[in-house]
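These notes concern the structure reproduced below.
Taken together, the values in this text are just the output of simple stated rules run on the coordinates, not laboratory data. No experiment lies behind these values; they were computed from the predicted model shown. Reconstructed Cβ throughout: ideal geometry from the backbone, glycine too, with neighbour counts over all protein chains shown.
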Amino acid sequence: MQTQIKRYNILLRGKVQHIGYRGIIEGTARKLDIKGYVFNDVDGSVKIACEGLQKSIDAFINTLNEFARSDIDSIEKKEVHEELYLPSVFSRVATDDYYEFSKKFDIGIDFLDGIKIDTGEMKESLININTTLEAFVIKQDGHNQRLEKILEKLAEK
């Protein structure tokens with residue numbers, strides 16, 4: 001029956017961590033009025049415990065699969081028949097703050113390392129721009145001095 005409340009444990013495998021995926025899962029579940037939580041596990045998977053109408057759960061899984069089709073290797077869905085103690089509003093759970101921050105810092109360091117190379121190469125370009133601007137200002141000073149002389153002659157007349 002489609003109006004019956006169902007409970008599931010869902011396991012997502014693939015490139016599903018550290019790309020903002022839990023936020024999308026959370027937002028999708030809330031829109032579909034699904035209770036539960038999502039977390040990154042240390043094995044690289046994303047795990048979800050959820051409860052809602054069967055049609056909402058089906059729409060939830062379809063939406064997640066469509067969103068990250070290239071990132072998800074597999075989705076395992078196991079129905080849970082026992083009552084789950086779930087938050088009334090779907091939420092993200094921090095499972096290991098040190099692990100989470102460490103992974104994000106590693107990604108950030110890799111990103112910044114590439115920027116450092118790019119900005120080093122930009123130094124010469126910035127020097128060239130500075131030289132060009134200085135030459136322009138000097139030229140403008142010459143033009144300004146000529147304009148002042150013209151204005152002085154006009155004022156004398």
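Annotations
- Under 5 Å from the amide H of Asp71 lies no amide H of any residue 5 or more positions distant or on a separate chain, with H modelled from the backbone and absent for Pro and chain starts.
- If R0 is 30 Å, the Cβ-Cβ spacing of Gln145 and Lys123 corresponds to a FRET efficiency of close to 0.35.
- Entries of Lys35/Lys55; Lys15/Lys55; Lys15/Lys35 with Cα pairs more than 20 Å apart: Lys15/Lys55; Lys15/Lys35
- Hz values of 3J(HN,Hα) by residue in region 79-88 - Karplus curve (6.51, -1.76, 1.60), Gly and Pro given as x: 6, 10, 8, 7, 5, 9, 8, 10, x, 5
- Where the alpha-carbon atoms of region 30-74 are placed on the principal axes, they occupy 29, 21, 14 Å, in descending order.
- Put simply, the amide H of Leu53, placed in the peptide plane, has neighbours under 5 Å in Lys6, leaving out anything fewer than 5 places away on its chain.
- Computed over region 5-95, the percent of Cα pairs more than 20 Å apart is 25.
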